[in-house]
Amino acid sequence: MSLKWLFNNFVRAVGDELAGYGFERGEGGRVFRRFSPQGDALIIEVQVSDHSSRSEKIFYINVALVLAPKWEWDRQRTGRPDSELPRHYNGMWRRRLGFSGLSGDDQWRIADESTAAEVSDQVRRHLDEIVPNLLLLLDRIVLLDETPDILGPGAWLLRAWLLAEQGPTEELKHLLFVERPAHTHDSVPIRTVWNYANSKAAAEDSGKLRT
């Protein structure tokens, strides 16, 4: 069997595994997404390394969470069409699936039938372990009220973007300008979230005037 066939067969097996969790296959068959009703997305993407050769396919498995309000802001800022779907690098929270779960930058390697079978079994086992927990990240109540440990120290920013959809509320203002250290109040992340929140409020007011 050719290396190309072995690798493509591995990707198909991953896709079949993820389909059982509600993920849909995207670009090139290597991008898998599941969206929440609010438009947030979990993305699992197989990224081939430039260090691959004719005798060995080297790759990463990227995992990301893309929040709808942040993706909307990014599209508006860059002029991307509303129909464009996010990729793993658009995620606010990003990890890689490694040999011990979501850890490090481990490279996966397929060179022959033996390594293909070993990697396939290992990856699918890890997916079965982590995907049920990852799916909780598509529940906004969990993100806003429970702040899962898996999100790490950047969890506050994900909460901020979700709150910003409601405009510049007192809860968002407290999160950005009371809970966060004073020296960060003029930082790019905080200014961006606050500007988005105000833009949502302005759009809502404009809609009311038109009606």
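Key figures
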{"quantity": "Those residues of the stretch 109-136 which are open to solvent by less than 20 Å² (accessible area, probe 1.4 Å), touching a Ser or Thr at 6+ places or on another chain (Cβ under 9 Å) and under 22 Å from S52 (Cα atoms), in sequence order", "calculated": "I110"}
{"quantity": "Checking Q38 against (1) surrounded by fewer than 16 Cβ atoms within 10 Å (Cβ to Cβ); (2) within 25 Å of R109 (Cα to Cα); (3) of a type outside the set (V, I, T); (4) touching a residue at least 12 places away in the same chain (Cβ under 8 Å), the condition it does not meet", "calculated": "(2)"}
{"quantity": "Residue within the stretch 82-102 that is of a type in the set (S, T, Y), open to solvent by 80 Å² or more (accessible area, probe 1.4 Å) and over 22 Å from A41 (Cα atoms) present", "calculated": "yes"}
{"quantity": "Within the stretch 42-83, tally of residues that are part of a loop (DSSP other than H, G, I, E, B) and under 14 Å from the mean Cα position of the chain (by Cα)", "calculated": "1"}
{"quantity": "Hits in the stretch 141-171 (condition: touching a strand residue (DSSP E or B) at 6+ places or on another chain (Cβ under 8 Å), modelled with pLDDT of 95 or more and over 19 Å from P181 (Cα atoms))", "calculated": "none"}
{"quantity": "Close pairs (9 angstrom Cβ cut-off, 6 or more residues apart or separate chains): touching a residue at least 40 places away in the same chain (Cβ under 8 Å) in the stretch 157-185, open to solvent by 90 Å² or more (accessible area, probe 1.4 Å) anywhere", "calculated": "L162/Q38; E165/Q38"}
{"quantity": "All positions within the stretch 185-211 that are at pLDDT 95 or above and surrounded by fewer than 12 Cβ atoms within 10 Å (Cβ to Cβ)", "calculated": "D186, V188"}
{"quantity": "Residue in the stretch 1-11 that is under 30 Å from W161 (Cβ atoms) and either of a type outside the set (A, V, I, L, M) or at pLDDT 95 or above (or both) present", "calculated": "no"}
{"quantity": "Of all residues making up the stretch 52-71, the number that are in contact (Cβ under 8 Å) with a residue 40 or more places away in the chain and not aliphatic (A, V, I, L, M)", "calculated": "8"}
{"quantity": "Check on D16, farther than 16 Å from L97 by Cα and open to solvent by less than 20 Å² (accessible area, probe 1.4 Å)", "calculated": "no"}
{"quantity": "Of the criteria (1) under 30 Å from K200 (Cα atoms); (2) without any contact (Cβ under 8 Å) to a residue 60 or more places away in the chain; (3) in contact with a strand residue (DSSP E or B) (Cβ under 9 Å, 6 or more places away or on another chain), which one G79 fails", "calculated": "(3)"}
{"quantity": "Identity of the residue in the stretch 91-117, touching a Phe, Trp or Tyr at 6+ places or on another chain (Cβ under 6 Å) and not hydrophobic (A, V, I, L, M, F, W, C), that ends up modelled with the lowest pLDDT", "calculated": "D106"}
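The values are calculated or read from the model by the stated rules, or taken from the named source; none is laboratory data. In this text, all values refer to a predicted model and were calculated from it rather than measured experimentally. Here Cβ is always computed from backbone atoms with ideal geometry, including for glycine, and neighbour counts include all displayed protein chains. For accessibility, only protein heavy atoms count, side chains too; no ligands or nucleic acids. Shrake-Rupley method; radii C 1.70, N 1.55, O 1.52, S 1.80 Å.
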